[in-house]
1. Restricting attention to the range 141-164, does a residue exist that is modelled with pLDDT under 95 and either assigned to a helix (DSSP H, G or I) or buried (at least 23 other Cβ atoms within 10 Å of the Cβ) (or both)?
2. So for the range 188-205 (the condition being within 12 Å of ligand 1 (Cβ to nearest atom), crowded, with 24+ Cβ neighbours inside 10 Å and within 15 Å of Gly78 (Cβ to Cβ)), does at least one residue qualify?
3. Output the residue which, of all residues in the range 212-234 that are away from ligand 1 (no atom under 12 Å from the Cβ) and of a type in the set (Gly, Ala, Ser), is modelled with the lowest pLDDT.
4. Condition check: outside any loop (DSSP other than H, G, I, E, B) and touching a strand residue (DSSP E or B) at 6+ places or on another chain (Cβ under 9 Å). Does Val84 satisfy that?
5. Which numbered condition trips up Glu238, out of (1) part of a helix (DSSP H, G or I); (2) free of Cβ contacts under 8 Å to residues at least 40 places away in the same chain?
6. Provide a single number: the residues in the range 242-269 that are assigned to a loop (DSSP other than H, G, I, E, B) and either among the aromatic types (Phe, Trp, Tyr) or within 29 Å of Gly214 (Cα to Cα) (or both).
7. Restricting attention to the range 167-187, which residues are polar (S, T, N, Q) and either within 7 Å of ligand 1 (Cβ to nearest atom) or touching a residue at least 40 places away in the same chain (Cβ under 8 Å) (or both)?
8. Identify, by number, the condition in (1) farther than 21 Å from Ser231 by Cβ; (2) in contact (Cβ under 8 Å) with a residue 12 or more places away in the chain that Val151 doesn't meet.
Amino acid sequence: MKRYPAYDPIEYQQWQPDPEVMKQYQQTIEQPQVKASVESLGAAGMIQLYKGLLRARLHDIALKRWVRTGVITKAWLGCGEEAVTIGACHALGPDDVVGPMIRNAAATFERGIPIAESFRSYLATGDGITQGRDLHFGDLAHGVVAPISHVGDLVPVCAGFALSFQLQKEPRVALTWVGDGSTRTGAVHEGLSLASSRSLPLIVIIEDNAVALGTRRDDRLGNSLSNMAASYDSVGIECDGNHVLEVHAAVTKAREVCLEGKGPVIILARTFRFGGHATHDEAEARALFKPQEFKDWALRDPIGCFEEWLLGQGELLAVDPRPALQEWEQQVIEEVEKAAEDSLQSRKNSIPDAAAMLGDVFAG
Ligand SMILES: Cc1ncc(C[n+]2csc(CCOP(=O)(O)OP(=O)(O)O)c2C)c(N)n1
Ligand SMILES: [Mg+2]
């Protein structure tokens with residue numbers, strides 16, 4: 001894939017596959033559950049995963065460019081964490097529901113919402129889904145619940161969706177992501193307690209990037225996240241959050257468990273974010289971890305590793321991988337650029353209607 005010196009973290013710019021990391025990557029793929037994911041995904045699924053990962057990265061780069069050039073003031077990005085979102089979305093059924101955090105913006109477009117909607121929400125255009133009211137958007141027609149800025153609150157909301165699926169005897173699951181820091185909120189506890197007591201078809205992915213704002217996880221949680229599933233008497237799965245196929249396998253398994261009436265499932269996905277809480281504190285975020293930690297995590301770039309693996313999968317893809325990957329990448333570049341341009345046009349042509357701002361707003 002192309003690297004972007006102006007926007008990529010420095011460790012990504014000269015990215016080269018590391019033999020030891022790639023050996024582990026391959027070993028993970030040989031695990032039966034992951035192998036089953038590879039078989040069920042086939043060539044079409046691999047292309048979707050690859051394009052999805054690139055879309056997520058390029059979406060964030062486009063936002064970063066807008067921050068640097070003064071189009072917007074701030075963006076909440078997930079560079080390095082893309083596989084946690086993409087692997088999960090592609091393991092779901094068409095009628096399942098997802099509740100993304102703002103950093104899982106890619107979930108919106110992997111579920112079929114046009115990528116321009118995400119850009120429009122950042123630009124607060126009148127023709128966007130919230131008509132310029134809010135950056136947090138979803139669309140239930142695509143099974144996407146809008147993110148909630150109060151961290152952890154999507155867990156009880158998604159438990160509610162799961163409860164309705166159970167009551168209506170529908171074979172559907174609800175999935176949401178929660179940061180490692182946010183696992184300590186009352187809302188997460190309440191949602192998981194309900195889900196556990198009613199065996200709800202709820203999947204909660206803990207996106208453990210080892211940091212919450214300016215606080216490292218090991219300063220406050222140690223490794224207690226591994227015990228969470230047991231403490232809710234629920235099934236727990238751990239996976240490498242940088243390995244898109246392992247995330248896919250984990251969510252596939254979790255979905256099966258939920259549909260057997262044995263939910264909820266808590267997936268602990270370990271990953272690392274290159275960048276700060278948002279674009280304003282990237283320098284502070286750099287100071288939280290040792291330079292070597294950045295280097296080690298960079299070797300496990302979820303896109304670089306998956307691409308490197310795909311380069312050896314000519315038989316599976318049934319094409320010459322290198323030119324094919326370049327072509328798929330080019331398609332995504334054009335798709336993201338067009339979406340960004342369209343949304344900038346929306347900003348020119350569709351100013352939100354101030355008089356309508358309080359419509360469809362509800363206060364509890
Ligand atoms: C209920 C609540 N408390 C505090 C905040 C402020 N806040 C926003 S993000 C964040 C840290 C979240 O860390 P984590 O859950 O690990 O997610 P990450 O940003 O690392 O993905 C905090 C404290 C908030 N949005 N909501
Ligand atoms: Mg975190």
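The values are calculated or read from the model by the stated rules, or taken from the named source; none is laboratory data. The model shown is predicted, which means the values in this text are computed figures rather than measured ones. Glycine also receives a Cβ, built like all others from the backbone with ideal geometry; neighbour counts cover every protein chain displayed.
1. Checked against the condition, which is being modelled with pLDDT under 95 and either assigned to a helix (DSSP H, G or I) or buried (at least 23 other Cβ atoms within 10 Å of the Cβ) (or both), the range 141-164 yields no hits at all.
2. Taking every residue of the range 188-205 in turn, at least one turns out to be within 12 Å of ligand 1 (Cβ to nearest atom), crowded, with 24+ Cβ neighbours inside 10 Å and within 15 Å of Gly78 (Cβ to Cβ).
3. Gly222
4. It is true that Val84 is outside any loop (DSSP other than H, G, I, E, B) and touching a strand residue (DSSP E or B) at 6+ places or on another chain (Cβ under 9 Å).
5. The failed condition is (1).
6. Adding up the residues that qualify gives 2.
7. Matches in the range 167-187: Thr176, Ser182, Thr183, Thr185.
8. Unmet condition: (1).
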